[in-house]
Amino acid sequence: MGAFLRDQWWVVAIFIATLVPLVRRFASAGVMEGLRTLDRRWIFLLMLWSVLLPIYFIGVTGRTFPEVPSALARATFDEIDRLAPGDPVLLSFDYDPASEGELQPMATAFVKHCAEKKLKMYFMALWPVGPQMVQNTVDRVIRADYPNLVYGEDYVNLGYKSGYEAVIRVITTNIRELYTTDARGTAIQDIPMMKGITSVQQMKLIINVSAGYPGVKEWVQYGATPYPAVHLIAGTTGVQAPLVYPYVPRQLRGLLGAIKGAAEYEKLVIDTYGGPNPDPKYLEGLRRMGPQLVAHMLIIMLIIVANVLYFTEKRAARRPSTGSGRPERAEGR
Amino acid sequence: MNRDQLIWIVLFAVGAAALLGRAVLTEQGMGREYIRQTVTPAGGTEFLPATYGDYVRAEQAQPGQTEYRFSRARTIGLWLAAFFTLAVFSFLYSDNPFYKVAESVLVGVSAGYWMVVGFWDVLVPNLIGRLWPSMVQAWAMPGLAGAEAQRNLWYIVPLVLGVMLLWRLAPRGTWIARWPLSFIVGTFAGLQLIGFLHGDFLAQIRNTILPLAVFEAGAFDFWASVRNLLIVGGVLCAVTYFFFSFEHKGAVGRVAKVGIWFLMITFGAAFGYTVMGRIALLAIRIEFLLDDWLWLIDPSRRRAVSMLLQGIWG
Amino acid sequence: MKRTVPLLITAVVGFTLIGAYFVPYTQSWGETVAIWFDVLAAIAFILGGGNLLRSHLKKISDQQRGWAYSIIVLASFLGTLFVGLGKIGVAPSPQFLEYSWSGPYRQTGSAFWYFYQYAFQPLTSTIFALLAFYIASAAFRAFRAKNLEAILLLATAFIVLLGRTFAGVALTGWIDPANWEGFRHFTGLRLENLTVYIMAVFNTAGNRAIMIGIALGIVATSLKILIGVDRSYLGKD
């Protein structure tokens, strides 16, 4: 850390320079008064530094925090690991660039795991931008590291269909009526791996990467619950994850929640299949845990400081007629 | 000139100077995109994304090679993306024309994107391709053949309903759009009635039926029993809280209060997870600025010239 | 007539889908209804685009405040439409080189891909990245431990925020049987384990209750719509 601070002195200098006006303000007005009238743009600046500095530190030093996978991440891993080579797996990428930060590491790790297990991957999407996310992941993982996998025989991108949960409703009984071609426009009957596939019930596992609606909830309601033989695992955003815990484990066999879930799953995949020097693109989630930690500490600190301010003002207001009187609300935009 | 304007000017001047210095004066520079020209099996040309590291290695192996090239179009695109990112972040300081321009571009491009996707992914294969397969086959989908390419005149129904839906844009006769809207509402109602009843009601009751005294290999497992008791008790108490047909007084009131406590813990956990989610979204944008644009960090080793993994630090 | 036919359509469509679940013979009817719905959903995108065009053209023609930005909206909208529908820069599919329209419209390197990669993607991601700042501001402004319920909420939030990062591991890593044998019974109090317990027990129970409540509400509303009691979606006559 000392060596980092010495060599990256200019980053430290900029950091200190941006906070000098805030310090001067506290020095002149007093800490309590300064906090009471704190402009929220200072909080924005603190949040920016709490994410930027760890990313810069981790990017320069390459150090990440250790991860111990939880039981749920392990259950998700085991659901894919138990499959045999050649088993068909449906991967539904139901997210867009807005959630890429949390979900792309999961998607990358899922595809790597499936490629290592030599599973037949059927990609689809319920979001319009989903096929672009599929394409990006396929380019990053399959075309880069598994060039021996052939499109149409080992993996296929069926593409997007509008209709939200109605799409799931149709493909669980008849996929060929809706998907007459793949995302590239090739007719379904010309794709070797689509021979004999008439519905999603033939898939050994459904892997869903979900950012909202339609997503994992719809897959549980229309895909997994009516057909208990179909196994479903999912990676979801932090907002959605707590809402789908009630489905675990009967309807949803495995769940990766937010970037922490992604980091745990990445750890399992690279420990098993990453080799001695895993490619850094499979460590994205692990790298993002650094800014998570610092930003979480900032949020906790802000809540504590705000509550200290609140209780101090409350006590001052209860004191009889000495002091400044009524507490004022914090000023700001 | 007031303080805000002065801050904007200083930020612009310092920022522009820093960017110029980084792009021109440093050895590696910043913000450049490279492509790799390949020949497809059918004989056409394809441009795949490539990294600066690939380019330098190719140049070292064979100076003057043309397979790996600097891409002006994609570099301009990269700087455009960086400009848009900074324009949106500038809203945090104050609303300004750059943000408004970025927001306008986003609205326009998103709407256009969704329309294009709807047309090529759904309307062409699933509507036009069903009513006029030979035309679609001759134009955009030459591979369309066999059972999936048979004309199906029933698809006139969604075509007619679709035209009626578009009637909403007309100045008069907006009642015509009621037919397709009823179709849409009926579909959602029909799907959700079963989906929610099965997956969210019956299945959740089933999931809550847990043994309150757990025996593991003949021995009483205390902590597993407590866990199940908490889940069953928690669900019942929280459901009692939502039951407003009885007044929450006396025993019912006390049970509802316990239910509120369970719900507060639920909301606290939701807040924690929401914070976690939001921060990751910011992290990826900062990574874009520092890695893809400014070339200040290289965690994926895309600009590492040597293929050997060097110790980056020390 | 203006209201009867729509009500009938709603009922027929809805009950066909419900019947298809239970009567195997009618399964294909349910599939048909669902596919027609999918096509209508795509046409709804065109409706959305048309609405955008209409409202921004009106803003420009009325010279309302900020109408210059409407020009930018329309220019980017029409530009995206043009390159996307026209498949500008898309090479034909390798198997059908003579069909110039046969390539995938999202092909990497095409103009539509360029619009996605360098405008849509950075803008969408950054707009959502702003939320991280607002959540920090909200944490400072809004979260006050005023009563027991608020304290429960904040305490749980603290445990989850710490437990889902390395901070939790570091803070309670000393609860280790290797340090003292007695700790074996208290490893559940380690922040990361406590977080998992909170999610699997308390959060599951709370969300399950909410889910059950919402499910009943949706079932009631859907039934009211299907049998025609709730006609609000038809609007005013």
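The values are calculated or read from the model by the stated rules, or taken from the named source; none is laboratory data. For clarity, every value in this text was computed on a predicted model and none was experimentally measured. Every residue, glycine among them, receives a Cβ derived from its backbone with ideal geometry; neighbour counts consider all protein chains shown. Side chains included, ligands, DNA and RNA excluded: accessible areas come from the protein's heavy atoms. Shrake-Rupley method; radii C 1.70, N 1.55, O 1.52, S 1.80 Å.
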- Candidate aspartates and glutamates - alpha carbon under 20 Å from C:Lys146, same-chain residues fewer than 8 apart omitted: A:Glu313, A:Glu328
- Message: As a test question: what accessible area, to the nearest 10 Å², does A:Glu67 have when a 1.4 Å probe is rolled over all protein chains in place?
- Response: 20
- Task: Might you work out the accessible area of B:Phe220 for me, using a 1.4 Å probe with all protein chains in place, and round it to the nearest 10 Å²?
- Result: 110
- Relative to the present Cα-Cα distance, how much length would full extension add between A:Phe26 and A:Ala316 at 0.36 nm per residue of separation? 102.4 nm
- Taking placed amide H atoms and a strict 5 Å upper bound, the residues 5 or more places from A:Leu232 or on another chain that come that close are A:Ile206, A:Arg253
- Message: Suppose a student asked you for the relative contact order of chain A, using Cα pairs under 8 Å spaced at least 6 residues apart; what percent would you report?
- Response: 24
- Neighbourhood charge, 13 Å Cβ-Cβ cut-off, centred on C:Thr124 and excluding it, Lys, Arg +1 and Asp, Glu -1: -2
- In whole percent, how big is the carbon plus sulfur part of the accessible area of chain B, probe 1.4 Å, protein atoms only? 68
- Message: Report the C-A buried area as the accessible area lost on both sides summed, probe 1.4 Å, in Å² to the nearest 100.
- Response: 5300
- Item | Nearby lysines by direct alpha-carbon distance to C:Lys58 (threshold 23 angstrom, same-chain neighbours under 8 apart not counted) | B:Lys100
- Helix axis angle, C:27-61 relative to chain C longest principal axis, alpha carbon, degrees: 80
- Message: Just checking the output field for B:169-182: average partner chain Cβ neighbours within 10 Å of each residue's Cβ?
- Response: 5
- Message: Below 21 Å, Cα to Cα, which lysines can C:Lys224 reach? Residues fewer than 8 away in the same chain don't count.
- Response: C:Lys2, C:Lys236
- Message: Using DSSP to call loops (not H, G, I, E or B), can you name the trypsin sites (Lys or Arg not before Pro) in segment A:94-195 whose Cβ has at most 10 other Cβ atoms within 10 angstrom?
- Response: A:Lys195
- Task: Using only atoms on other chains, find how many Cβ atoms lie within 10 Å of each Cβ of peptide C:92-102 and report the average.
- Result: 6
- Message: Tell me which trypsin sites (Lys or Arg not before Pro) from segment A:206-278 have a DSSP coil assignment and no more than 16 other beta carbons within 10 Å of their own.
- Response: A:Arg250
- Task: Send over the Kirkwood Rh of chain B, from the inverse of the averaged 1/r over different Cα pairs, rounded to one decimal Å.
- Result: 27.9
- Note on the structure: The Cα radius of gyration of segment A:71-282, divided by 2.2 N^0.38 Å with N its residue count, comes to 0.92
- Note on the structure: Percent of all alpha-carbon pairs of segment B:60-169 at distances over 26 Å, whole number, is 54
- Heavy-atom accessible surface, probe 1.4 Å, ligands and DNA/RNA ignored: which residues of segment B:265-279 lose at least 50 Å² versus the isolated chain? B:Ile265, B:Thr266, B:Ala269, B:Phe271, B:Tyr273, B:Val275, B:Met276, B:Arg278, B:Ile279
- Provide the three semi-axes, in whole Å and in decreasing order, of the ellipsoid equivalent to segment B:42-91 as defined by the square roots of 5 times the Cα gyration tensor eigenvalues. 30, 15, 8
- To the nearest 10 degrees, the tilt of helix B:156-166 (Cα long axis) against the first principal axis of the alpha carbons of chain B is 80
- Task: Take every Cα-Cα distance within segment A:171-275, group them into 5 Å bins from 0 onward, and report for each bin the whole-number percent of pairs it holds.
- Result: 2, 11, 18, 18, 16, 15, 13, 6, 0
- Can you pull the Kirkwood radius for the protein assembly as shown, inverse mean 1/r over Cα pairs, to one decimal in Å? 29.6
- C:Trp113 - accessible surface, heavy atoms, 1.4 Å probe, Å² rounded to 10: 20
- Query: For segment A:20-73, which trypsin sites (Lys or Arg not before Pro) are in a loop by DSSP, counting at most 15 other Cβ atoms within 10 Å?
  - Reply: A:Arg63
- Using the alpha-carbon atoms, what tilt in degrees (0 to 90, nearest 10) does helix C:4-22 show relative to the longest principal axis of chain C? 50
- Query: Which of the pairs A:Lys118/A:Lys260; A:Lys117/A:Lys217; A:Lys112/A:Lys267; A:Lys161/A:Lys195; A:Lys161/C:Lys59; A:Lys314/B:Lys249 have their Cα atoms more than 23 Å apart in this structure?
  - Reply: A:Lys118/A:Lys260; A:Lys117/A:Lys217; A:Lys161/C:Lys59; A:Lys314/B:Lys249
- Query: Per residue of B:56-63, what is the mean number of Cβ atoms on other protein chains within 10 angstrom of that residue's Cβ?
  - Reply: 0
- Item | Within-11-Å neighbourhood charge of A:Ser162 [Cβ basis; K, R +1; D, E -1] | -1
